Amino acid sequence: MKDNFTTQKFKTPQSYSKLFAIFVIIFTFLSGISFSQSKSITDHYYYNNAPYYLNLNKENVYLRLKNVMTKEEFINSSQNFSQLFSYDNFIFNDKDQIIKLNHKLGESGISDLINNLKSTGLYEYVSPVFSTPVGKGDRNTLIIPKDEIIVQYKSTYSDARIAEFEQSKNLTFVQDLDLRGGITKIYRVDQNTFSMDAANDIFESGMVNYSEPNFYMTNLLKYVPNDTLFSQQWALRNTVNNIPVGITGIP
């Protein structure tokens, strides 16, 4: 008589080795897949020692041309982006161009577009475009952080210490500004550095009274700056008439 035995299969060391090899192959394959990740664009700078937020405009991108171009020349030079660009608002004889896009892009799409435009080597500088915060001015005003930053150092820092700091941050000097409060300078950042990031990095060093991008703006007649004394400066926006001597203007 035969005894009935329940046959049980045990995994040998060789079986475990095969399973491990399969796992490694699958993991390697998945690691090679490119997953879409959010690419954030800095949307604030420091004003009065606190972050001041702007709204990312997803319908425009800023380019500074290396040379002025005709509209036809610009279209020919940007063929790779012709599906994205609307050329209707191209300004002849101007290096600063705000190019409207044919459709809105997400933040990641804007970031990718900027990187692709930079890689062409055709432009001096490429930047995202922003609009004013809600309730802070006309929504049609466009704000572009140019490749310059305005920095005022605290009065406790010497010229030698400032020069050392400039070198450590790879800043290119543009000009001095004669302003009260401390040594004030305009710097240029390189093409691959976003000026908002550079300004924030310098502010966070603790060496400065302020550090802000040098903004290029549109629609200035409707823009209300975040200067708390703006309402007293009628000469900046005189909504009535030219003011003769002795007559008070209306802001």
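Quick grid of which residues meet (1) modelled with pLDDT of 95 or more; (2) under 16 Å from ASN55 (Cα atoms):
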{"position": "GLY121", "(1), (2)": "no, no"}
{"position": "ASN140", "(1), (2)": "no, yes"}
{"position": "GLN152", "(1), (2)": "yes, no"}
{"position": "ARG161", "(1), (2)": "yes, no"}
{"position": "LYS185", "(1), (2)": "yes, no"}
{"position": "ASP190", "(1), (2)": "no, no"}
{"position": "ASP201", "(1), (2)": "yes, no"}
- Message: Tally up the residues in the range 170-183 that are under 19 Å from ASN209 (Cβ atoms) and either at pLDDT below 95 or part of a loop (DSSP other than H, G, I, E, B) (or both), please.
- Response: 7
- Query: What number goes with the only condition from (1) within 19 Å of the chain's Cα centre (by Cα); (2) at positive phi that LYS104 does not pass?
  - Reply: (2)
- Item | Among the residues listed as ASN60, ASN89, the single one being over 16 Å from the mean Cα position of the chain (by Cα) and either at pLDDT 95 or above or surrounded by fewer than 16 Cβ atoms within 10 Å (Cβ to Cβ) (or both) | ASN89
- Provide a single number: the residues in the range 86-109 that are within 10 Å of VAL61 (Cβ to Cβ) and free of Cβ contacts under 8 Å to residues at least 60 places away in the same chain. 5
- Look at VAL189 and say whether it is touching a residue at least 24 places away in the same chain (Cβ under 8 Å), among the hydrophobic types (A, V, I, L, M, F, W, C) and in contact with a Leu (Cβ under 6 Å, 6 or more places away or on another chain). no
- Query: Which one is nearest to MET196 (Cα to Cα) among residues in the range 122-161 that are touching a Ser or Thr at 6+ places or on another chain (Cβ under 7 Å) and among the basic types (Lys, Arg)?
  - Reply: LYS146
- Kindly list, by first and then second residue, each pair from a residue in the range 58-71 that is among the β-branched types (Val, Ile, Thr) to a residue that is part of a loop (DSSP other than H, G, I, E, B) and surrounded by fewer than 18 Cβ atoms within 10 Å (Cβ to Cβ), limited to pairs with Cβ atoms under 7 Å and residues at least 6 apart or on different chains. VAL68/ASN93; VAL68/ASP94; VAL68/LYS95; THR70/PHE92
- Note on the structure: Scanning the range 103-124 for residues that are surrounded by 13 or more Cβ atoms within 10 Å (Cβ to Cβ) and of a type in the set (S, T, N, Q) gives SER108, SER111, ASN116
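The values are calculated or read from the model by the stated rules, or taken from the named source; none is laboratory data. Every value quoted in this text rests on a predicted model; they were computed, and no experiment measured them. A quick note on method: Cβ atoms are made from the backbone with ideal geometry, for glycine too, and the neighbour counts reach across all protein chains shown.
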